[in-house]
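The values are calculated or read from the model by the stated rules, or taken from the named source; none is laboratory data. Since the structure is predicted, the reported quantities are computational estimates derived from the model, not experimental observations. Note that we place each Cβ from the backbone using ideal geometry, even for glycine, and neighbour counts take in every protein chain shown.
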Amino acid sequence: MKIQKQNFTHLNKSKVVSRILKNLVGLSILVLFASCITNDNDSEVLEPQPDGEALAARFEENRANATQEFTLDASVGGTITGTQGTQVTFQPNSFGLNGTPVTGNVTVQLIEIYDKASMLLKDKSTLGIRDNGDKEALKSAGEFYIDAVQGTNSLELLEMAGVQSKPIDFADLEGGMQIFRGDDDTDGDWIEADEDGDGEKDNAQIRDGGGPNGEYATYNYDIGDFGWTNLDKWYNYTGSKTQLYIDVPDGFNQDNCAVYLSYDGEPTALARMDTWDTSLQMFTEHYGLIPIGLEVHIIMVAEIDGQLNYAIQGTTIVDGHIEVITSLSPITQPALETLINGLP
């Protein structure tokens, strides 16, 4: 029997294996070296950023989407009725261009706001300016934008027009409603109006009405110019008052988010916290008239990567109150509307 001889070379003396080992060691060193090199692109974590311009665009788009249009014969005038029941009545020949009545059809535009969510998401909160410059919260019975155009021409209102609010249940009726206009600074604050120019502040009139659904009341007033007008009354509160600060998460400021103060028990009392304290890096209200013991909800909204984000926190005001908001959550606009209108 032949025995086949096999030639076994000691592993340590194998040139092939030696080369393999050398290559493995070299590769390990390269991997180790590469792992120690910091890649700036990999280490940089891009956090989503709040977009103030996108938030402002959302507010503007909401106002545009809420604009209703009606056609009237300028020579005849007439009454328009909004989807929520607001009526505006125009006299004949009351639409003008450069002081001269126009003829033919005109387009009348109307926005009507009656709830807190619409006030916030159209950025039409109510903060009034007293004659002495003090700012105080207002309770609203409705906000209205009324305008008219003919083709590309913006028109003037040559004669007084009458505004009637939607029907109001008698249980929800409040006396003392006045007419407010946007102030000349166009910063969202409101001043008491004198629409007829008689030197006196205008008050809304309450009229009774009735229909298939029973009896109701309406607020009524006249306007002498197009634009925004409000049915408001001063939110007169008593007791000791304090300054309120809102501490928002890092990266948020007055340029990229909006913070509002919602008064519990008042369906249409909403003030924007529009002052940013640069030293404290907090929002505040600049009028210093928040009653201690008042129950409120703080609402914060921002636009992040095309997504609406929010925070809502209920609190009771204490002396030197600082409310801390730690985070925001994404939400759809309809869902946020439901939450806001469901607040106490």
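Please verify whether Asp255 is out of contact with any Phe, Trp or Tyr (no Cβ under 6 Å at 6 or more places or on another chain), farther than 19 Å from Met119 by Cβ, without any contact (Cβ under 8 Å) to a residue 24 or more places away in the chain and not assigned by TED's automatic domain parsing to the domain that holds Phe90, treating the condition exactly as stated.
The answer is no for Asp255.
Would you list the strands (runs of 3 or more DSSP E) that sit entirely within segment 265-344 and hold 2 or more residues that are under 19 Å from the mean Cα position of the chain (by Cα) and outside the structural domain of Ala117 (by TED's automatic domain parsing)?
Fully inside segment 265-344 and qualifying: 270-272, 275-277, 282-284, 295-304, 307-316.
Suppose we keep only residues that are among the hydroxyl-bearing types (Ser, Thr, Tyr) and touching a residue at least 40 places away in the same chain (Cβ under 8 Å) within segment 127-153. Which one would you say is nearest to Tyr260 (Cα to Cα)?
This residue is Ser140.
Against the definition (under 20 Å from the mean Cα position of the chain (by Cα), under 21 Å from Asp194 (Cα atoms), assigned to a loop (DSSP other than H, G, I, E, B) and not hydroxyl-bearing (Ser, Thr, Tyr)), how does Lys139 come out, yes or no?
no
Which ones in segment 131-173 are at positive phi and buried (at least 18 other Cβ atoms within 10 Å of the Cβ)?
Within segment 131-173, just Gly142 meets the criteria.
Just wondering, is there one or more residues in segment 123-130 that are on the phi > 0 side of the Ramachandran plot, assigned to a loop (DSSP other than H, G, I, E, B) and touching a Gly at 6+ places or on another chain (Cβ under 9 Å)?
yes
Since Ile246 meets every condition but one in (1) in a loop (DSSP other than H, G, I, E, B); (2) crowded, with 17+ Cβ neighbours inside 10 Å, which condition does it not meet?
Failing condition for Ile246: (1).
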